[in-house]
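Heads up, the thing below is written out as structure tokens.
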Amino acid sequence: MLSKVLVAPLLLLGSASASPALQKDDVAVTYKVVTVTSTKTVCPNSTPEVAPLAVPHSPPPQNQPQGQPQTQPQSAGHPRGGYNNALYFTNWGIYGADFQPQQLPAEQITRVLYAFADIAADGEVKSSDGYSDFQKHYPSDSWNDQGNNAYGCIKQLFLLKKKHRHMKVLLSIGGWTYSPKFPPIAATEAGRQRFASSAVKLVQDWGFDGLDIDWEYPANAAEAQHFVLLLRACRQALDAYAAQHAPGYHFQITIAAPAGSQHYSIMDLPAMDPYIDGWHLMAYDYAGSWDSTSGHQSNLYSNTNNPQSTKFSTEQAVRDYMARGVPASKILLGLPLYGRSFEATTGLGQPYNGIGQGSLQSGVWLYRDLPRPGAQEVYDDVAKASYSYDSNSRELISYDTVSSAVAKGQYLVGRGLGGAVFWEASGDKKGSQSLVGNLAQQMGSLDRSPNLLSFPASQYANIRAGMPGE
């Protein structure tokens, strides 16, 4: 995931390993090389007024167990109501990345995860950027409206909800930078109640459809139980609000779920699951600047012929979640819309020296800026992962391409998972090269259940009125 300067919400991740589709006698490493010589001008590092940076999502996974015996995936199951295609949208992305809410591919997504809300010392969930959230006036906004009205991203998201009734917006709370604020407030009943009530107040005021909790990560058994209690408090608060103001409507709760076993092994997954509508598996950042060798950052499977290239794998995390009772239909497979670079390396799984430049942050390139000029894209058909390599500059960048995204779409359908989730919206390409669009097409039937447009208790007059005429 990405982050912002000044309040810099940093976001990254972790996972595990094992492969269903490969047999033990499949020993040959299969690579497909597609030469794609890019002539585009790569976006230089920018320094906008608010100087947001693009930085991925959680710290790197550590001590990840290696590959397990490979078996066939269990039979597919179509999620009731259709698949979810979820997409993180950051409130700092309107600056450096210059990505506005109106650019969201609304028809191809079912959940917008609006990141991130901050947390005060007493547990209050609050805006992390008032200008971006509800103050910024877009060209279509009037300066002559009467009363207290919401503008900024909040208004634009509400207008998208009106035009695309299947698209729901969830408030994402926390992220890597704000996650240290979770333990003290989750440890007390007062803190949990303050968190839940204030989070629901923002849902009410901003016209949202639920909450996404991004706590990275509970560090021990006590914090794991506090997480369960925090989720329960949020579920109760959302249900109470619905009973009073939106009878029959189900407000969703999702979480950013770690893919590293050192994190999810601590969490009480069975106790959490009843309160959760979606486990957004952060299946990326498996390799990066913290490693001694280059590697795939979001591979599905381990490649035993080049183990240093796949220190983690998504398949193991999926297996482990399901083994502990999490329904496959609730798990959304995470894909990065950015790449991680390794400089002065001879190839995948090899030593490197430095991480080079990036779109908005050193070592991190938005997918839309890849491949770099002169680089070849390579597809690892064993790990089901892609990267690019420039033999002249010796730069390797690990990122998802259409080839690896399609493979992940086939995997999640075959596994009976609930859909896909992407970090984050500003990084995608348009048209046939869009990873979000390719996954939507791969899944086929998306969840079309309606969002909510009635928010009679919102503090904002235009949201209370449903923004008539807009």
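The values are calculated or read from the model by the stated rules, or taken from the named source; none is laboratory data. Note that this is a predicted model, so its numbers are computed, not measured. We place every Cβ from the backbone using ideal geometry, glycine too, and count neighbours over all the protein chains shown.
Is it true that residue 181 is crowded, with 24+ Cβ neighbours inside 10 Å, touching a strand residue (DSSP E or B) at 6+ places or on another chain (Cβ under 9 Å) and among the basic types (Lys, Arg)?
Spelling it out, it is not the case that residue 181 is crowded, with 24+ Cβ neighbours inside 10 Å, touching a strand residue (DSSP E or B) at 6+ places or on another chain (Cβ under 9 Å) and among the basic types (Lys, Arg).
Please enumerate the residues belonging to the range 406-438 that are more than 17 Å from residue 81 (Cβ to Cβ) and of a type in the set (A, V, I, L, M).
Matches in the range 406-438: 406, 407, 425, 435, 436.
Quick check, is residue 348 at pLDDT 95 or above, crowded, with 22+ Cβ neighbours inside 10 Å and under 23 Å from residue 432 (Cα atoms)? I'd like the intermediate steps shown before the answer.
Details: at pLDDT 95 or above: yes; crowded, with 22+ Cβ neighbours inside 10 Å: yes; under 23 Å from residue 432 (Cα atoms): no.
It is false that residue 348 is at pLDDT 95 or above, crowded, with 22+ Cβ neighbours inside 10 Å and under 23 Å from residue 432 (Cα atoms).
Within the range 267-292, count every residue that is hydroxyl-bearing (Ser, Thr, Tyr) and either surrounded by fewer than 18 Cβ atoms within 10 Å (Cβ to Cβ) or out of contact with any Phe, Trp or Tyr (no Cβ under 8 Å at 6 or more places or on another chain) (or both).
3
Are any residues in the range 411-470 closer than 30 Å to residue 144 by Cα, of a type in the set (S, T, N, Q) and not in a loop (DSSP other than H, G, I, E, B), and if so, which ones?
Initially, the range 411-470 is screened for residues closer than 30 Å to residue 144 by Cα, giving 451-470.
When the remaining residues are screened for being of a type in the set (S, T, N, Q), the result is 451, 454, 458-459, 462.
The answer is 462, and nothing else.
What number of residues in the range 266-300 are in a loop (DSSP other than H, G, I, E, B) and of a type outside the set (Phe, Trp, Tyr)? Write out each step before concluding.
First, the residues of the range 266-300 that are in a loop (DSSP other than H, G, I, E, B): 266-268, 276-277, 282-292, 294-300.
Imposing the further condition that a residue be of a type outside the set (Phe, Trp, Tyr) reduces the set to 266-268, 276-277, 282-283, 285, 287-289, 291-292, 294-300.
Qualifying residue count for the region: 20.
Check residue 386 against each of (1) buried (at least 20 other Cβ atoms within 10 Å of the Cβ); (2) free of Cβ contacts under 8 Å to residues at least 24 places away in the same chain; (3) out of contact with any Phe, Trp or Tyr (no Cβ under 8 Å at 6 or more places or on another chain); (4) not basic (Lys, Arg) and name the one condition it does not meet.
Every condition holds for residue 386 apart from (3).
Every residue in the range 184-200 that is closer than 22 Å to residue 458 by Cβ and either without any contact (Cβ under 8 Å) to a residue 24 or more places away in the chain or crowded, with 23+ Cβ neighbours inside 10 Å (or both), please.
If the condition is that a residue be closer than 22 Å to residue 458 by Cβ and either without any contact (Cβ under 8 Å) to a residue 24 or more places away in the chain or crowded, with 23+ Cβ neighbours inside 10 Å (or both), then 195, 196, 199, 200 are the ones that fit.
Every residue in the range 301-340 that is assigned to a strand (DSSP E or B) and either without any contact (Cβ under 8 Å) to a residue 12 or more places away in the chain or among the hydroxyl-bearing types (Ser, Thr, Tyr) (or both), please.
Once the filter is applied, which keeps residues that are assigned to a strand (DSSP E or B) and either without any contact (Cβ under 8 Å) to a residue 12 or more places away in the chain or among the hydroxyl-bearing types (Ser, Thr, Tyr) (or both), the range 301-340 yields 313, 338.
For the range 225-243, check the following and say yes or no: at least one residue is within 26 Å of residue 311 (Cβ to Cβ), surrounded by 22 or more Cβ atoms within 10 Å (Cβ to Cβ) and hydrophobic (A, V, I, L, M, F, W, C).
no
Name the residue, out of 281, 269, 230, 300, that is under 20 Å from residue 411 (Cβ atoms) and touching a Lys or Arg at 6+ places or on another chain (Cβ under 6 Å).
Answer to the check: 300.
Out of all the residues in the range 233-247, which are of a type outside the set (Ser, Thr, Tyr), assigned to a helix (DSSP H, G or I) and closer than 24 Å to residue 449 by Cα?
234, 235, 236, 237, 238, 239, 240, 242, 243, 244, 245
Looking at 440, 457 in this structure, which one is of a type in the set (Gly, Ala, Ser), within 19 Å of residue 161 (Cα to Cα), touching a helix residue (DSSP H, G or I) at 6+ places or on another chain (Cβ under 9 Å) and surrounded by fewer than 16 Cβ atoms within 10 Å (Cβ to Cβ)?
Just a single option satisfies the conditions, and that option is 457.
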